[in-house]
1. Which residue pairs have Cβ atoms under 8 Å apart, sit 6 or more places apart or on different chains, and have a first residue in segment 68-85 that is buried (at least 16 other Cβ atoms within 10 Å of the Cβ) and a second that is of a type in the set (A, V, I, L, M) and assigned to a loop (DSSP other than H, G, I, E, B)?
2. Looking at segment 37-50, can you tell me whether even one residue there is in contact (Cβ under 8 Å) with a residue 40 or more places away in the chain and either among the charged types (D, E, K, R) or in the same structural domain as Y99 (by TED's automatic domain parsing) (or both)?
3. Step by step: first the residues of segment 1-44, then only those that are among the charged types (D, E, K, R) and in a strand (DSSP E or B), then the one that is farthest from F103 (Cα to Cα). Which residue is that?
4. Please find, within segment 110-119, the residue that is nearest to A37 (Cα to Cα) out of those that are of a type outside the set (K, R) and more than 13 Å from the chain's Cα centre (by Cα).
5. Given the criteria surrounded by 12 or more Cβ atoms within 10 Å (Cβ to Cβ), in contact (Cβ under 8 Å) with a residue 12 or more places away in the chain, of a type outside the set (D, E) and within 16 Å of I113 (Cβ to Cβ), does I29 qualify?
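The values are calculated or read from the model by the stated rules, or taken from the named source; none is laboratory data. A quick note: this is a predicted structure, and the numbers were derived from the prediction, not measured. Cβ: placed from backbone, ideal geometry, glycine included. Neighbour counts: every protein chain shown.
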Amino acid sequence: MKIHQLSMFLENKPGRLSEPCRVLAEAGINILTLSVADTQQFGILRLIVRDWEKAKEVLEASGCVVNVTEVVATEVEDRPGGLTAILDIIESAGLNIEYMYAFTFRSEDKAVIVFRFDNPDLAIAALQAKSINIIGGVELYERVKQ
């Protein structure tokens, strides 16, 4: 139920973000969602693709240093307080969220949020115990149009 996410450091300079995106495009790999966080000198590009192994291979071949991490995607009711309900479960379980970002599509009347937890297995168990739908990679990729 965990999803593989690719992360890489980028210099915070014009054109640096387009390089890995171009490499993936030329390899025929579509980016399903991404997040960019920055500091003054560097940024961290985090992205999810269907074929993370191929993406990692082509990015590394182009000179990028790629880190693979496991993240958890959940459905969140798309209404005021929907995210708060998820956060309450996470806090009650004593879990730490390292970062999170929204996915670029909706699933019926729900939004999809990607979380990076300090303990993803415990997070999955805590969320499932409260009937929160965890979206695995295969299910997620099937929901996103080809």
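1. Close Cβ pairs satisfying both conditions: V72/M1; T74/I132; E75/I132.
2. Restricting attention to segment 37-50, the residues satisfying the condition of being in contact (Cβ under 8 Å) with a residue 40 or more places away in the chain are 37, 46-50.
Filter once more, so that each one left must be either among the charged types (D, E, K, R) or in the same structural domain as Y99 (by TED's automatic domain parsing) (or both): 46, 50.
Scanning segment 37-50, I find at least one residue that is in contact (Cβ under 8 Å) with a residue 40 or more places away in the chain and either among the charged types (D, E, K, R) or in the same structural domain as Y99 (by TED's automatic domain parsing) (or both), so the answer is yes.
3. Just the residues of segment 1-44 that are among the charged types (D, E, K, R), to begin with: 2, 11, 13, 16, 19, 22, 26, 38.
Subsequent filtering for residues that are in a strand (DSSP E or B) retains 11, 38.
Details: E11: 24, D38: 19 Å.
Among residues in segment 1-44 that are among the charged types (D, E, K, R) and in a strand (DSSP E or B), the one farthest from F103 (Cα to Cα) is E11.
4. D118
5. No, not satisfied.
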